[in-house]
Amino acid sequence: MKALFINGSPRTKGNTAQLLGRAMEGARKAGAETEMVNLYDRSLNYKGCMSCFACKIRGGNKGVCSFPDDLKPILQRAVEADILVCGTPVYCGYPTAGLRAFMERLIFPAVNYSDYSKPVILNPKRSATIITMNCPNEEVYRQINYPYLMDTSAQQLGMFGPSEVLYSFDTLQFNDYSRYDADRFDPAHKAQVHQTQFQSDLEKAYQLGLRLVEDSK
Ligand SMILES: Cc1cc2nc3c(=O)[nH]c(=O)nc-3n(C[C@H](O)[C@H](O)[C@H](O)COP(=O)(O)O)c2cc1C
């Protein structure tokens with residue numbers, strides 16, 4: 001069983017990457033073959049959907065984006081994987097541009113223009129989205145109406161099978177807040193949340209990875 005983890009944060013050791021890493025450990029523990037892709041790896045050259053419509057040509061190769069750039073082999077592995085977990089920080093209310101580009105290229109080829117109700121499914125999978133943010137809690141998250149903007153990624157992943165979301169709120173953005181012009185954040189509070197809530201989020205991520213694999217058996 002293959003489990004692919006997509007890090008949509010530019011930080012390879014940040015909150016999103018740590019949570020994805022723990023989910024990956026859980027998946028590995030449950031017996032999956034795992035891989036992490038850092039979308040912001042500087043060696044990767046890609047854009048979002050180029051509107052070439054190769055995926056819509058009658059009689060053509062459906063389901064996977066064939067645009068020839070560095071994302072193509074990653075998208076191939078994503079559609080072949082049994083489990084797909086995407087992680088992203090909230091950037092100005094949305095998933096990061098890198099993850100959006102990935103999602104456009106993953107989702108659009110699976111959309112069936114002849115019948116929206118029947119997406120082109122190459123390999124049904126279980127999926128999850130991990131979302132990290134400064135936003136302090138779920139109540140504020142819903143007030144700001146982030147769910148509409150953010151959870152669409154998870155809903156779209158649901159095209160490939162059952163999907164769930166893990167939120168991590170009030171994350172530690174800077175190791176040393178005193179170096180930054182960021183007085184609206186209380187460093188002591190951030191440190192405390194990091195030592196308690198974030199540790200529990202890491203455990204939730206581990207359990208998520210474990211569960212996704214166990215449920216797929
Ligand atoms: C460009 C940028 C925009 C951000 N916009 C938001 C936002 O709209 N809402 C929010 O709650 N946090 C926002 N944040 C904070 C990040 O979502 C948060 O620090 C996240 O946990 C960072 O993830 P990482 O450690 O994996 O990079 C933003 C951060 C950056 C760099």
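General remarks:
- Helix 197-216 axis, angle to the chain major axis (alpha carbon atoms, nearest 10°): 20 degrees
- Cross-link pairs Lys13/Lys56; Lys13/Lys217; Lys13/Lys125 - those with Cα-Cα distance over 32 Å: Lys13/Lys56
- The range 146-212: trypsin sites (Lys or Arg not before Pro) in DSSP coil with no more than 11 other Cβ atoms inside 10 Å: Arg184
- Each part reduced to its alpha carbon centroid, the range 52-90 and the range 161-217 end up 28 Å apart.
- Beta bridges from DSSP with both residues in the chain: antiparallel share about 5 percent, rounded to the nearest 5.
- In the chain, helical runs assigned H by DSSP with n ≥ 4 each contribute -39500 (n - 2.57); averaged across all residues and rounded to the nearest 500, the mean residue ellipticity at 222 nm is -11500 deg cm²/dmol.
- Over all pairs of different C-alpha atoms, the range 2-216 has a mean inverse distance whose reciprocal, the Kirkwood radius, equals 17.9 Å.
Each reported figure results from applying straightforward, stated rules to the coordinates on display, with no laboratory input. Everything quoted here is computed from the prediction, not taken from an experiment. We place every Cβ from the backbone using ideal geometry, glycine too, and count neighbours over all the protein chains shown.
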